[in-house]
Each structure stands twice: as structure tokens, then as C-alpha cells.
Amino acid sequence: MRAFVGIVAAVVLGAAACSQAPAAPAVSPEVQRDADLYQIEQIEVNWHKAASTHDVDLMMTLWADDATFTIGGQTYTGTDQIRTFFETKAAPFKPENHWVSDTPAYKIQTTVSGDKGTLYFECHYVDPATKAVVNVVGANQDVARINGKWVITSSIGASPTL
């Protein structure tokens with residue numbers, strides 16, 4: 001009986017050892033940097049998707065809880081104030097504006113250093129009915145990886161020179 005129990009124990013322990021997932025391979029610094037830059041650039045992609053579709057909830061996924069946003073001489077602190085800005089003051093989110101938001105690729109600049117980085121892009125808002133650029137805003141942002149996700153920690157918006 002002891003031999004049988006020993007064999008069963010060996011099989012169970014062996015099966016448990018085999019069922020563990022292998023360790024993830026090490027990622028080179030270059031690959032990690034490229035992955036981080038891609039994730040930071042997704043902030044810009046989702047910003048424009050949110051603005052083009054009036055999706056304030058999507059916009060708010062881009063911000064750290066204690067982020068600051070300065071635009072038009074006013075600073076909004078924390079996600080509650082930033083949300084209120086987009087819901088009540090941001091022209092692209094107003095119900096009467098049906099603009100498409102885009103950034104020319106050459107106007108995107110990103111940097112990364114560890115868990116911090118920067119992101120600059122311009123928002124060119126186009127009225128599809130008239131095909132006219134109706135608004136242009138530049139956003140200069142500090143970003144950080146918080147709980148594994150890249151988010152905006154500080155943003156300053158202003159009208160850039162075209």
C-alpha cells in the first residue's frame with residue numbers, strides 16, 4: 001500500500017510540476033521600449049476616438065486619478081474636474097459639434113524612460129459637412145505607467161501655430 005501511495009504521490013507531484021506555465025522569456029530593452037512607445041501612442045489614438053465620438057468615459061480612461069489638465073488658462077485637477085471640463089466646456093464634446101479629430105503622424109512625439117514618458121500631439125478637428133478645419137489644439141503631456149497601464153499625469157493644451 002505504501003508503494004502505491006508513493007507512486008500516486010509521485011505522479012500527482014510530477015503532473016503539478018508539468019502544469020506550471022513556463023517563465024516568460026526575458027524581453028530585451030529595445031523591445032520593451034518599443035512596446036512602451038506603442039502603448040503611449042495609444043493614448044493619442046484613444047483621445048481622438050473619444051473626441052470624435054463624444055465618448056467621455058473613454059476619454060477618462062486615459063487619465064491618472066490625480067492628473068492635472070491646463071487649458072485656456074484654467075487648471076483642472078483630478079478626474080472629477082477633468083471629466084466636468086470635457087462634459088461641459090470642451091468644444092469637440094458639445095452635442096452640436098460633429099467633428100472628426102485627427103493628428104498628422106509627423107506631429108506626434110513620444111519619449112519614454114522607465115515608467116515615465118512624454119507625449120505631444122495636435123488635434124485637428126474637421127467638420128465633415130464643410131470639410132473645414134474648425135479647431136486645432138496641441139497637447140503636451142507627461143505620462144506614466146501606473147498599475148501596468150500608461151496614463152496621462154499632466155497635460156497642457158494650447159493653440160499651436162500651423
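FYI, it's all coordinate maths here, none of it is from the lab. These numbers come from a predicted model, not from an experiment. Positions of Cβ are backbone-derived with ideal geometry, glycine not excepted, and every protein chain shown enters the neighbour counts.
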Reported set for the range 106-118 where residues are exposed (fewer than 10 other Cβ atoms within 10 Å of the Cβ) and over 26 Å from G148 (Cα atoms) is Y106
Does Y125 qualify as being of a type in the set (S, T, Y) and within 26 Å of P29 (Cα to Cα)? no
Considering only residues that are closer than 16 Å to Y120 by Cβ and either among the basic types (K, R) or free of Cβ contacts under 8 Å to residues at least 12 places away in the same chain (or both), which ones fall in the range 39-77? V45
Members of the range 114-137 found to be without any contact (Cβ under 8 Å) to a residue 24 or more places away in the chain and under 17 Å from E41 (Cβ atoms), listed by number: Y120, H124
Could you please let me know if T84 is loosely packed, with under 12 Cβ neighbours inside 10 Å, hydroxyl-bearing (S, T, Y) and out of contact with any strand residue (DSSP E or B) (no Cβ under 6 Å at 6 or more places or on another chain)? no
